[in-house]
Amino acid sequence: MKNIAHNIIKFVIKENLHRILLIMLLLIVFGAVGMAIFEPNVNWDNALWWSIVTLTTVGYGDIAPTTFGGRIVGSIIMILGIGILGMFTATIASVFVEQKLKVNRGMSNYDFTNHTIICEWNYRAKEILRELRSDSRVLDQPIILIADIDEKPVNDENLHFIKGEVDEANLQRANIAAAKTVVILGDDKLDNNARDAQVVLAALIIESINPSAYTIVELVNEQNVAHCRKAHVDEIIVLNEFSSRLIARAALDHGISKVMSELLSASTGNNLYQVPVPRELADQSFLVVFSEMKRTRNSIVLAVYRRDQDIVISNPDVDLKVAANDQLVIVSQNEH
């Protein structure tokens, strides 16, 4: 309650509303005193009530001045009240409009926690955002976009925009210190070397501020993977390498790209998920885990992610013991 009152007072002072409110208060006092003096049948309580109602509307008619002095006071309150109240509402409206424009033009600062940050905007970023919003886990979670574009590119209530380069200052405005996941895309306006260099630099800045944030970067040149590994990037995706391998696989096994498309899309069919090992299946063989996951959850286990070694074991041997702190990569209709 104290914080709410403090924020209201801070807002009133910041937007210079205290002057208008002071004038309104003086008018209310003037009207109440005038009515109490000139109208013999009106007590102080009713005079104050009449002054407030007349200032904010035109009165309910329950109390009306009958003397000459009372009518003069009433006329002053009504005429000045309309102007002052109009100034007050216009100021409030302009503040909200200005704030909305400020947000859409990427001029705001944010203090979210456990949020996602997307660096740079291109056609891939639009698809990434669409896929993220198709997943119930991040459907309504705040996502901050940092990009050097004119204004917020899509109408997403929970997408927040910061205009500018992906540098330390703008990352601080996005509260990078409390971010959970950061996706670093390349600037398509740059050549491949400059583009990847910018990605690596952004990764280094993020790592220096928040090493616990999970970073995913997009590269063009495979030779720059080593630089990202030195920056302790969690996941590195080389665009040309990934698409070339998928095309080659589709040429050998026709239709494989359709399967991959379904598994990678959160909007249709089954999807890929990484989930913890269920407590009752810890320290069991992979065959037992595979069978139980299919029987109880209708999920297919494709791989085991060994977190302590940071390795993925795809299609494990049936005798592999699945540890409690491992993660399962599954194909399923949902995460649960």
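The values are calculated or read from the model by the stated rules, or taken from the named source; none is laboratory data. On a predicted model such as this, the values are computed, not experimentally measured, just so you know. Methodologically, a virtual Cβ is constructed for each residue, glycine included, from the backbone with ideal geometry; neighbour enumeration extends over all protein chains shown.
Of the residues making up the range 232-265, those that are over 24 Å from Leu129 (Cβ atoms) and at pLDDT 90 or above number 1.
If the condition is being surrounded by 11 or more Cβ atoms within 10 Å (Cβ to Cβ) and of a type in the set (Ser, Thr, Tyr), then the range 244-277 contributes Ser244, Ser257, Ser261, Ser265, Ser267, Tyr273.
In the range 143-155, what count of residues is obtained for those that are of a type outside the set (Lys, Arg) and over 12 Å from Thr116 (Cβ atoms)?
Going through the range 143-155 one residue at a time, the tally reaches 8.
Exactly one residue out of Glu280, Glu292 is modelled with pLDDT of 90 or more, farther than 22 Å from Ser136 by Cα, surrounded by 15 or more Cβ atoms within 10 Å (Cβ to Cβ) and out of contact with any His (no Cβ under 7 Å at 6 or more places or on another chain): that is Glu292. Tell me, which residue of the range 212-228 that is under 13 Å from Asn193 (Cβ atoms) and hydrophobic (A, V, I, L, M, F, W, C) is nearest to the chain's Cα centre (by Cα)? My answer is Leu219.
Just to be sure, is Ile63 part of a loop (DSSP other than H, G, I, E, B), surrounded by fewer than 22 Cβ atoms within 10 Å (Cβ to Cβ), in the same structural domain as Arg19 (by TED's automatic domain parsing) and β-branched (Val, Ile, Thr)? Yes: the conditions hold for Ile63. The single residue among Asp140, Asp135 that is over 16 Å from Ile206 (Cβ atoms), touching a residue at least 60 places away in the same chain (Cβ under 8 Å) and assigned to a loop (DSSP other than H, G, I, E, B) turns out to be Asp135.
Working carefully through the options Phe68, Phe88, find the one that is in contact with a helix residue (DSSP H, G or I) (Cβ under 9 Å, 6 or more places away or on another chain), more than 30 Å from Asn41 (Cα to Cα) and assigned by TED's automatic domain parsing to the domain that holds Leu17. On inspection, the qualifying residue turns out to be Phe88. Listed by position, the strands (runs of 3 or more DSSP E) enclosed by the range 235-336 that each have at least 2 residues that are within 31 Å of the chain's Cα centre (by Cα), closer than 30 Å to Arg195 by Cβ and in contact (Cβ under 8 Å) with a residue 24 or more places away in the chain are 271-276. Does the range 159-178 include one or more residues that are touching a Cys at 6+ places or on another chain (Cβ under 6 Å), within 21 Å of Val233 (Cα to Cα) and touching a residue at least 40 places away in the same chain (Cβ under 8 Å)? Within the range 159-178, one or more residues are touching a Cys at 6+ places or on another chain (Cβ under 6 Å), within 21 Å of Val233 (Cα to Cα) and touching a residue at least 40 places away in the same chain (Cβ under 8 Å).
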